[in-house]
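Please treat every number below as a calculation from the coordinates, not as lab data. A quick note: this is a predicted structure, and the numbers were derived from the prediction, not measured. Glycine gets a Cβ as well: all are built from the backbone with ideal geometry, and neighbour counts include every protein chain shown.
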Amino acid sequence: MMGEVSIAVSLKAPDPAAVTALAAMKRMDPSGAPGVLERYEYWTFRGPGVSRDAVTEMISHYTDIVNPNKQIWIFAGDLLAGKKNDGRTWVPVLVSDRVDSVSETWTAILSGRRRRLETVRYSVLWLMGFDGGIPEDAAVAMAMGLAVTERRDRGLLANPVSQEVEILGSM
């Protein structure tokens, strides 16, 4: 049976990329910017030998994935579940490079160590927290408008020419 486990890695300190991006969003669209913006490195591990325990063991050996001195990690499903009832409408925007040497390199490294691992995928997860009074479909539309670059003054987090953008489920 094919397993898939994703983790979200964040800095222990405030993330300067998220702080800067949120400030830019508020300047670009003061009424449509989220109240909160969080950024995570998002790692997905796939293969017949992939489980939560196997991923925990793998990443404990590689501080390039999670450096315990400056980063914390959580299983992605637990992160997203924890956001559901905090009064905000959360939109998880996943940005992945179409041609991704980071994912290819980590797949080669980890599949050599654990033969039952088929792929590793590295992405960036942006969690946009909008005021709870905003309906989910409106929040998703606002998030996509802020995330995907269409022109110089529209979109900030993803270039649709070289990156894929996906909304991860509903929150």
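Computed quantities for the displayed model
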{"read-out": "Cβ-defined net charge surrounding Gly3, 10 Å radius [Lys, Arg +1; Asp, Glu -1]", "value": "+1"}
{"read-out": "Options (i) 11.7; (ii) 10.3; (iii) 10.9 - which one matches mean projected area of the Cα convex hull in nm² as calculated here", "value": "(ii)"}
{"read-out": "Net charge of neighbours whose Cβ lies under 12 Å from the Cβ of Lys84, counting Lys and Arg as +1 and Asp and Glu as -1", "value": "-1"}
{"read-out": "For q = 0.27 Å⁻¹, Debye-computed log10 I/I(0) when each Cα of region 48-118 counts as one equal scatterer", "value": "-1.27"}
{"read-out": "GNM top mover of Val140, Val93, Val36 - the chain, alpha-carbon springs below 10 Å", "value": "Val36"}
{"read-out": "Estimated dipole of region 8-101 in Debye, rounded to 20 [Cβ of Lys and Arg +1, of Asp and Glu -1, Cα centre]", "value": "300 debye"}
{"read-out": "Angle between the chain longest axis and helix 101-113 axis [Cα atoms, degrees, rounded to 10]", "value": "30 degrees"}
{"read-out": "Between helix 16-28 and the chain: long-axis angle, C-alpha atoms, 0 to 90°, nearest 10", "value": "30 degrees"}
{"read-out": "Convex hull projection area averaged over all views, region 7-99, Cα basis, nm²", "value": "7.9 nm²"}
{"read-out": "Per-residue ³J(HN,Hα) for region 126-138, Karplus 6.51 cos²θ - 1.76 cosθ + 1.60, θ = phi - 60°, Hz, x for Gly and Pro", "value": "10, 9, 9, x, 9, 3, x, x, 7, x, 4, 5, 5"}
{"read-out": "Proximal charge balance of Asp131 [Cβ under 13 Å; K/R count +1, D/E count -1]", "value": "-1"}
{"read-out": "Residue among Thr119, His61, Met25 farthest towards the positive dipole end of the chain, charges placed on Cβ", "value": "His61"}
{"read-out": "In sequence order, calculated HN-Hα J values of region 37-43 (Karplus, 6.51, -1.76, 1.60; Hz; x Gly/Pro)", "value": "9, 10, 10, 9, 7, 10, 10"}
{"read-out": "Region 76-91 versus region 129-143: alpha-carbon centroid distance in Å", "value": "13 Å"}
